[in-house]
Amino acid sequence: MIEFLKVILNIITKKEVYGVIVTLAIAYFVYRTSTIILDEVINYGKNNYEKKKRKTITKLFKNIVKYLILMIAVLTILSIYGVNVGGMVAGLGITATIIGLALQDTFKDIINGINIIVENYFIVGDIIEYDTFTGEVIEFGLKSTKIKNAKGEVKIVANRNIMEIKNLSQESQTIQINIPLPYEEDVEKMEKIIQDNILPEISKIENVDPKSPTYLGINELADSCINYLISYKCKRETQWQAKRDANRIIIMALNKNKVSVPYPQLEVHNEK
């Protein structure tokens with residue numbers, strides 16, 4: 001048993017073993033510490049937009065820190081095993097030139113990724129339109145950007161190709177809703193319900209501009225109803241939930257005032 005422990009001790013005390021363990025432990029500690037610090041940076045944002053912007057930047061820096069620490073750790077381990085790291089680094093000049101030519105597109109991705117942040121093109125959480133694809137930026141990295149649309153489809157775009165985009169989150173979305181009401185109801189009464197009961201409640205919906213809900217007038221004399229048109233503005237990324245909330249407010253207000261929503265009906269006449 002003692003001999004076995006001596007063998008284990010001899011192995012552990014070798015520079016090639018403990019040096020690698022210490023190097024990996026330090027690399028992991030530095031990486032974890034740096035990611036914790038970067039995560040804390042997000043919390044210093046003054047508002048949600050500032051926090052989302054900081055989150056995007058920290059994700060980019062996490063990738064840079066990860067690869068930098070990995071490279072230093074590998075070079076340290078090689079030096080422990082007696083590899084001439086200095087000569088290796090010197091020789092990397094020629095190698096880097098060859099690799100640079102082979103990885104031109106990758107470098108373009110990284111440079112454009114940094115440019116996207118600096119120029120404030122978009123951040124994680126923004127709704128953007130790329131070509132004919134519209135969705136939310138769910139991930140931003142050194143090489144690519146992931147966009148997810150309302151159907152759950154994810155499009156991955158290389159950063160070098162995403163410079164021509166339209167950021168929809170930097171604009172307010174105007175939503176229009178037709179409220180179908182019966183011909184039998186008094187028009188002025190219906191307009192009063194819209195003005196007094198519906199619009200004030202829509203202005204309270206989260207992310208809706210409280211000054212924006214507006215009654216625009218009678219939009220259509222349809223087959224079985226009169227369509228009264230309202231509109232409001234909200235953040236683009238919340239437009240679908242805001243519309244669902246507005247529809248709920250409308251139906252509850254109509255029920256409260258005992259106004260039925262018309263629906264197509266078929267009358268059958270029997271000549272007998």
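The values are calculated or read from the model by the stated rules, or taken from the named source; none is laboratory data. Source: prediction; values computed, not measured. Because the Cβ atoms are built from the backbone with ideal geometry, glycine has one as well, and the counts that use them run over all protein chains shown. Note: accessible area is taken over every heavy atom of the protein model, side chains too, but ligands, DNA and RNA are not part of it. Shrake-Rupley method; radii C 1.70, N 1.55, O 1.52, S 1.80 Å.
Points worth noting:
- Among the numbered conditions (1) surrounded by fewer than 16 Cβ atoms within 10 Å (Cβ to Cβ); (2) in contact with a Gly (Cβ under 8 Å, 6 or more places away or on another chain), the only one that Val137 does not meet is (1).
- Given (1) in contact (Cβ under 8 Å) with a residue 24 or more places away in the chain; (2) surrounded by 15 or more Cβ atoms within 10 Å (Cβ to Cβ), index of the condition Glu220 fails: (2)
- Scanning segment 184-204 for residues that are under 26 Å from the mean Cα position of the chain (by Cα) and either in a helix (DSSP H, G or I) or of a type outside the set (Ser, Thr, Tyr) (or both) yields Ile202, Lys204.
- For Leu181, the criteria (1) closer than 22 Å to Gly135 by Cα; (2) over 37 Å from the mean Cα position of the chain (by Cα); (3) of a type outside the set (Asp, Glu) hold in every case but one, which is (1).
- Yes/no for Thr145 being part of a strand (DSSP E or B), at pLDDT 75 or above, among the polar types (S, T, N, Q) and over 30 Å from Leu216 (Cα atoms): yes
- Scanning segment 199-217 for residues that are open to solvent by 60 Å² or more (accessible area, probe 1.4 Å) and of a type in the set (A, V, I, L, M) yields a total of 1.
- Per the listing Lys151, Lys146, the residue uniquely surrounded by 14 or more Cβ atoms within 10 Å (Cβ to Cβ), free of Cβ contacts under 8 Å to residues at least 24 places away in the same chain and not aromatic (Phe, Trp, Tyr) is Lys146.
- Selection status of Gln176, open to solvent by 80 Å² or more (accessible area, probe 1.4 Å) and touching a Leu at 6+ places or on another chain (Cβ under 7 Å): yes
- Within segment 234-257, being open to solvent by 80 Å² or more (accessible area, probe 1.4 Å) and modelled with pLDDT under 90 holds for Lys235, Trp240, Gln241.
- Residue list for segment 148-178, filter: over 28 Å from Leu68 (Cα atoms), outside any strand (DSSP E or B) and either among the aliphatic types (A, V, I, L, M) or touching a strand residue (DSSP E or B) at 6+ places or on another chain (Cβ under 7 Å) (or both): Asn149, Ala150, Ile165, Leu168, Ser169
- Across segment 213-224, a minimum of one residue is classified as β-branched (Val, Ile, Thr) and not in a loop (DSSP other than H, G, I, E, B).
- Qualifying residues in segment 23-77 (those that are at pLDDT below 75 and among the hydroxyl-bearing types (Ser, Thr, Tyr)) - the one farthest from Thr145 (Cα to Cα): Tyr44
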